[in-house]
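Contents: one structure, followed by commentary.
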Amino acid sequence: MDPETVRIALGLEERTAAWLTELDELGPPAEPVRLPRGEEARDLLRRLEVPELDAEEIVAAAPDPDRDPALWWLLERTHHAIVRHMGDHRAKPRGGPPLPYEGGAAARYFHVYVFLATVPAVRRFHAERGIPDEVGWETLTQLGELVAIHRRKYGQGGMNMQWWTTYHLRGILYRLGRLQFSLATGKDGTPHLGLHVPEWGGPLLPKAYDESLHRARPFFDRHFPEHGARVAWGSSWMLDPQLEEYLTEDSNIIQLARFWTLTDSAPEPGNADGDSSILEFVFRYNGQPLDELPQRSSLERAVIAHLKAGRHWHMRTGFVKLP
């Protein structure tokens, strides 16, 4: 098949033509793509903590190379684009766009199928690097979290965080307790770790946070000794000092912010760079009026009160030293 035929068959926008051409030039992987099916697929999805309702839909809608040639063409090449950068944290994460949902469940779950097809490759990479099985599998279980978030946010099954799952599938991100860490390098070439907070895993308690930080440097020094990161960097609305106006000193977020040294300048008052992020992560926002959002916790109330007062939240950047 040619890229334009694929684009039309899958209902993709014209702006995806360049991306499809790149995939066409890349071609399919040397090792044929294989999707688990039936009970094998259910077992893997269970291990990845995908909710049962979604797992059944995923199994039922799995694409077939003969029945779904355009979808399979895209699956092969998207998989190839990921595995060719296995272990390379400098490669730009590109999972590709979501497919139009008019294509049905196979389109909505397309990037789940890419994930399932790529699990064997990243697990081989884990083994080559000596990554403990429990860490490797716990890292990959974020797929279940992302699928669950999609259903909660949109009211139907799917997964549209494919740019983020490329980190998992290239073997450059690992979950160590409550936190995730990814291999990264600054503009000046200095290595560091990206620090990320998954939704699942319980309250973000200072003790759990500290335990994860203490695990990070020994883990990466052992399994990626060539990297040598000594600090973790992050950009987040959780580092916005404005939260101190609303949350108490014993708030987990306020306590955790004390670990960090901010490196950016205070944003201009009209800067709204953090509004969409805080709404997404606190509410999984989907465009509702602010008055319709829940206000059960002090954080939820703070987010809404701040925005209704005509103010904005900011993404702040900083670092924390790795013990």
Response to the item:
tail above 22 Å in the computed P(r) of segment 3-171, as % of all Cα-Cα pairs, reads 40
Worksheet item: In debye to the nearest 20, how big a dipole does the chain give about its Cα centre with +1 on each Lys and Arg Cβ and -1 on each Asp and Glu Cβ?
Response: 760
Item to complete: With a cut-off of at most 14 other beta carbons within 10 Å, and DSSP calling the residue loop, which GluC sites (Glu not before Pro) in segment 188-259 qualify? Please list them.
Response: E199, E226, E249
Worksheet item: Give or take rounding to whole Å, what are the principal axis extents of the alpha carbon atoms in segment 1-87, in descending order?
Response: 36, 31, 23
Worksheet, complete the sentence: So the angle from the long Cα axis of helix 110-129 to the longest Cα principal axis of the chain, reported in degrees to the nearest 10, equals 80
Fill in: Computed over the chain: relative contact order in percent, which uses C-alpha pairs under 8 Å that are six or more apart
15
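Sort 45-54, 200-209, 301-310 by packing, meaning the average of other beta carbons within 10 Å per residue, with the highest value first. Please list the in-between numbers first.
Working: 45-54: 17.9, 200-209: 13.4, 301-310: 15.3.
Output ranking for 45-54, 200-209, 301-310: 45-54, 301-310, 200-209.
Give, rounded to the nearest 20 debye, the magnitude of the charge dipole that segment 3-171 has about its Cα centre when Lys and Arg contribute +1 at Cβ and Asp and Glu contribute -1 at Cβ. Display every interim value, and only then the final one.
Numbers: 21 positive and 26 negative charges, 93 e Å.
Its charge dipole is roughly 440 debye.
Looking at the chain, send over the antiparallel percent of its DSSP beta bridges, to the nearest 5. Display every interim value, and only then the final one.
Details: 18 of 20 bridges.
Taking every DSSP beta bridge with both residues in the chain, the antiparallel ones total about 90 percent.
Sort segment 158-201 into rounded, prolate or oblate with this rule: let a ≥ b ≥ c be the square roots of the eigenvalues of the Cα gyration tensor; rounded if a/c is under 1.5, and if a/c is not under 1.5, prolate when a/b is larger than b/c, oblate otherwise.
oblate
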Discussion item. Need the list of lysines near K187 for cross-linking: C-alpha distance under 19 angstrom, and skip anything on the same chain fewer than eight residues off.
Written reply: K92, K321
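With 10 angstrom as the radius, rank R34, R170 by how many other C-beta atoms surround their C-beta, starting from the fewest. Please list the in-between numbers first.
Working: R34 10, R170 24.
Taking fewest neighbouring Cβ atoms as first place, the list is R34, R170.
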Worksheet entry | Fewest-first ranking of W164, W233, using other Cβ atoms within 10 Å as the exposure measure | W164, W233
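Could you tell me the convex hull volume per residue, in Å³, taken over the Cα atoms of the chain?
Details: hull volume 49.9 nm³, N = 323.
In the chain, the Cα hull volume divided by residue count equals 155 Å³.
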Item to complete: Would you mind classifying segment 47-105 by shape? Square roots of the alpha carbon gyration tensor eigenvalues, ordered a ≥ b ≥ c; an a/c under 1.5 is rounded, otherwise it is prolate if a/b is larger than b/c and oblate if not.
Response: oblate
Fill in: Helical contribution to [θ] at 222 nm, DSSP H n ≥ 4, -39,500 (n - 2.57), averaged over the chain, rounded to 500
-14000 deg cm²/dmol
Worksheet item: Residue by residue through segment 42-47, which ³J(HN,Hα) values in whole Hz follow from phi under the Karplus form 6.51 cos²θ - 1.76 cosθ + 1.60 (θ = phi - 60°), with glycine and proline marked x?
Response: 4, 4, 5, 4, 5, 5
Worksheet item: Using θ = phi - 60° and the Karplus curve 6.51 cos²θ - 1.76 cosθ + 1.60, what whole-Hz ³J(HN,Hα) does each residue of segment 298-305 get, with Gly and Pro shown as x?
Response: 5, 5, 4, 5, 5, 4, 5, 4
Discussion item. How would segment 171-278 be classified by its alpha-carbon gyration tensor: rounded, prolate or oblate, with rounded meaning a/c under 1.5 and the a/b versus b/c comparison settling the rest?
Written reply: oblate
Worksheet, complete the sentence: Sorted by chain and then number, the residues having a modelled amide H within less than 5 Å of the amide H of L176, at least 5 places away or on another chain, are F181
Discussion item. Just to check I understand the Karplus step: with θ = phi - 60° and J = 6.51 cos²θ - 1.76 cosθ + 1.60, what whole-Hz values come out for segment 286-292, glycine and proline as x?
Written reply: 9, x, 5, x, 4, 5, 8
Worksheet item: If each residue's Cβ is checked for other Cβ atoms within 10 Å, how do S236, S297, S182, S265 rank with the fewest at the top?
Response: S265, S297, S182, S236
Worksheet entry | Whole-angstrom gap from segment 199-269 to segment 115-149, using each part's C-alpha centre | 23
Worksheet item: Out of residues 5 or more away from R316 or on other chains, whose amide H comes under 5 Å of its own, with H placed 1.01 Å from N in the peptide plane?
Response: S236, W237, L239, D240
Fill in: Amide H contacts under 5 Å for V231, placed H, 5+ residues apart
L193, L322
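Read-outs: derived from the displayed coordinates by stated rules, not from any lab. Fair warning: this is a prediction, and the values are worked out from it, not measured in the lab. Reconstructed Cβ throughout: ideal geometry from the backbone, glycine too, with neighbour counts over all protein chains shown.
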